[in-house]
Amino acid sequence: MATGNWVVKPAHVRKTVDVLMAAGLEIQRVEVGRDGKIIVTTGKRSGAADGESELDRELAEFEARNGEG
């Protein structure tokens with residue numbers, strides 16, 4: 001890591017990533033500019049990553065509300 005005065009501290013980056021992950025986003029990349037701008041590249045939502053499609057989630061919610069079959 002570079003030495004000197006930091007515009008953004010590692011704790012700021014960690015907090016940003018934690019909030020995004022708590023929202024269900026998959027973090028692909030984090031960049032911090034010299035001006036302090038934090039740029040986060042996200043991927044697909046965590047629920048989609050485990051093979052569950054949106055249709056499967058909707059069906060499960062429908063069945064939970066209305067009973068199966």
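Structure data summary
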| quantity | calculated |
| --- | --- |
| Top-ranked residue in segment 18-29 [being in a strand (DSSP E or B) and among the charged types (D, E, K, R); ranked as farthest from GLY4 (Cα to Cα)] | GLU26 |
| Tally, over segment 26-40, of residues that are farther than 14 Å from LYS15 by Cα and loosely packed, with under 10 Cβ neighbours inside 10 Å | 3 |
| Residue list for segment 30-55, restricted to those being at pLDDT 80 or above and part of a loop (DSSP other than H, G, I, E, B) | GLY33, ARG34, ASP35, GLY36, LYS37 |
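The values are calculated or read from the model by the stated rules, or taken from the named source; none is laboratory data. Source: prediction; values computed, not measured. Here Cβ is always computed from backbone atoms with ideal geometry, including for glycine, and neighbour counts include all displayed protein chains.
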